[in-house]
Structure formats: C-alpha cells, structure tokens
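Comments concern the structure below.
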Amino acid sequence: MGKRELLIVLAFIIVGAVVYHVAAPPSKPGAGFSFSQFWNTAKNTIQSDRATAEWQTKQVQAVATSVRELRIRDINGGIIIAGEDRADIAIEFTVRSTGPDENAARELARSSKLVIDALEDAIVISVKYAQGGRQTGRLTLHVPKNLTATINGGSGLTVSDVAGLRMIGAS
C-alpha cells in the first residue's frame, strides 16, 4: 500500500469521525470514556476505604424447648459461644466496616443485618452484609448448655460448655 492509499484511508477515518460527532445523539452525563473520568474513578476506588467504624447490636432470642441445634453461617470476624444455664440466647453482634469517611463507614456497618431463623429444631444465625466497603462481623452468644453448635465457615472460634460442636470450613 502506497502513501496515497494511506492518506485516503486516513481521510475516510477523519471524515467518518466528524460525521459521527455531528450526527450522533448527545451522550448522557458520565457516559462514554474520558481519561479524566477514568483517573477519578481509579483514585476514588483506591482511596474509598480509608475510614473505619463499628456498630454493635444486642438482642435476646427465645428458644423453644424442641430446639437442639444452633447453626451459624457467614461470620468472618470471630465467634464466641458460651453455654450457660438459661432458656434463651443472648446475642451481641459487632460489625466493623470501611468506607470513604467515618459516617459512611458507620452507615455501612449499621446496614449489615444479623438474620435469625427459628426453625422447629434449630436456630439459624447468618449475616447479610451491606454492599460497599469491607465488613467483618464478630458474634458473641450466651446459649443454653443443651444446644449443639454447628459453625459453617468463619474464623476465630471460641466455644465452651455446649452439648456438641460441628465445624464445617471454620477455624
């Protein structure tokens, strides 16, 4: 291909770009690609999780006499289970979250919810973490001694005075 052909191809590309910019509908704000938008997004992503905050909730869960098992899932910041002479479960749940500033981190921590399902023969406890930031949940439970605890996932486990313990993928 000679110089003349290259100039013709280049001219067609330039004419096509000009026609496209004239005929194309206006783009939506924030749509499309620009280096400044790319740079700002990258910078915000890198700096987005500088602040941390904690949020703690306490509650008591009634336990039916037919319940023999406590199942815990998705707790990634530590679990403490203490068996006691009691008929209910005292729950202390603490979430630590990151965010762009302390208020946003606190809101993300507050948005993470402990989900408790009371089944006929078991109590199932899991966490629904908020979207955004990085959350870790820590759970402390005071439970009846006659319960068997089943821990599915998680780390930092301390268990005492329960009827039995099953760990699946926990440490």
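The values are calculated or read from the model by the stated rules, or taken from the named source; none is laboratory data. Note that this is a predicted model, so its numbers are computed, not measured. As a convention, Cβ positions derive from the backbone with ideal geometry for all residues, glycine included, and neighbour counts pool all protein chains shown. These accessible areas exclude ligands, DNA and RNA; they are computed on the full protein's heavy atoms, side chains included. Shrake-Rupley method; radii C 1.70, N 1.55, O 1.52, S 1.80 Å.
A few remarks follow.
- Which listed residue, of Glu84, Glu92, is more than 26 Å from the chain's Cα centre (by Cα) and surrounded by 10 or more Cβ atoms within 10 Å (Cβ to Cβ): Glu84
- Any chance Ile75 is surrounded by fewer than 16 Cβ atoms within 10 Å (Cβ to Cβ), in contact (Cβ under 8 Å) with a residue 40 or more places away in the chain and not polar (S, T, N, Q): no
- Boolean, Gly78 is over 19 Å from Ala64 (Cβ atoms) and touching a strand residue (DSSP E or B) at 6+ places or on another chain (Cβ under 7 Å): yes
- Flag if Arg86 is over 22 Å from Gly133 (Cβ atoms), at pLDDT 90 or above and among the basic types (Lys, Arg): yes
- Residue-level analysis places Ile75 outside the set of residues that are at pLDDT below 95 and farther than 23 Å from Glu54 by Cα.
- Test: residue in the stretch 160-170 that is modelled with pLDDT under 95, open to solvent by less than 60 Å² (accessible area, probe 1.4 Å) and within 15 Å of Gly77 (Cα to Cα): yes
- Residue match in the stretch 116-135 (condition: open to solvent by 20 Å² or more (accessible area, probe 1.4 Å), of a type in the set (Phe, Trp, Tyr) and under 17 Å from Thr57 (Cα atoms)): yes
- Selection status of Ser111, open to solvent by less than 50 Å² (accessible area, probe 1.4 Å), under 25 Å from the mean Cα position of the chain (by Cα) and over 18 Å from Ala163 (Cβ atoms): no
- The one condition in (1) of a type outside the set (D, E, K, R); (2) closer than 15 Å to Thr140 by Cα; (3) more than 13 Å from the chain's Cα centre (by Cα) that Ile75 fails to fulfil: (3)
- Matching residues, the stretch 53-67, being out of contact with any Pro (no Cβ under 7 Å at 6 or more places or on another chain) and crowded, with 16+ Cβ neighbours inside 10 Å: Ala53, Trp55, Gln61, Val67
- Flag for Ala53 being of a type outside the set (Val, Ile, Thr) and either in contact (Cβ under 8 Å) with a residue 60 or more places away in the chain or more than 11 Å from Pro144 (Cβ to Cβ) (or both): yes
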